[in-house]
Amino acid sequence: MVFALAALTIVGTMNMIGVKWFAEMEFWFALIKVLAIVTFLVVGTVFLGSGQPLDGNATGFHLITDNGGFFPHGLLPALVLIQGVVFAFASIEMVGTAAGECKDPQTMVPKAINSVIWRIGLFYVGSVVLLVMLLPWSAYQAGQSPFVTFFSKLGVHISAAL
């Protein structure tokens, strides 16, 4: 309850301040998210490369096909999840809005679009593939971040609080 009230206060305050400060806070919060994912990618890759078992399970490519393979519960749940992924990336119209505020849109918009493709590939697809190769899909639970699950299995229990 206290956490929810604190979060509501922070979000409410952010909505009442000027655009300049909002953009500054957005930058820092995005940086925190990127650093967290980069930390996971580095730690996960090092752990995967070490060949040590995690939570009693061998890590590696075999986890992609073991325990039921790609679609252990059938194709329908995967198709339902695709809706959420498409919704998450549906704000592409923001590129047009940002282009209107850009000094050199002919140069900057193509660079931005190309960099987004690489960022999605690295941060989203890369982290999902790494999660699959570190633990069997059955180790992850609804209601808990898979990143928290991984770090908890490593003994970093404070990750749940972050």
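Coordinate-derived values only; no laboratory data. Remember, it's a predicted structure, so these values are computed and weren't measured experimentally. Ideal geometry is used to build each Cβ from the backbone, glycine not excepted, and the neighbour counts take in all protein chains shown.
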- line: Here, Tyr140 and Val42, labelled 7 Å along Cα→Cβ, have an inter-label distance in nm of 2.3 nm
- line: By the DSSP-based rule, helices of the chain that are at least 18 Å long along the axis (C-alpha) and have a mean Kyte score of at least -0.5 are 2-16, 19-50, 75-88, 105-119
- prompt: Once every DSSP H run of n ≥ 4 in the chain is given -39500 (n - 2.57) and the sum is divided by its residues, what mean residue ellipticity at 222 nm do you get, rounded to the nearest 500 deg cm²/dmol?
  reply: -20500 deg cm²/dmol
statement: For segment 50-105 the chymotrypsin sites (Phe, Trp or Tyr not before Pro) that pass both the DSSP coil test and the at-most-14 other-Cβ-within-10 Å test are Phe61, Phe70, Phe89
message: What's the magnitude of the charge dipole for the chain around its Cα centre, counting Lys and Arg as +1 and Asp and Glu as -1 at the beta-carbon? Answer in Debye, nearest 20.
response: 120 debye
- prompt: Using the Kirkwood formula over every pair of different C-alpha atoms, what hydrodynamic radius in Å results for segment 32-162?
  reply: 17.1 Å
field: Cut-off 12 Å between beta-carbons: net charge of the residues surrounding Leu135, Lys and Arg +1, Asp and Glu -1
entry: -1
- line: segment 56-86 and segment 91-162 have their Cα centres apart by a whole-number Å value of 18 Å
statement: Charge dipole of segment 2-160 built from unit charges on the beta carbon (Lys, Arg +1; Asp, Glu -1), centred at mean Cα; most positive-end Cα among Met94, Gly68, Leu54 is Leu54
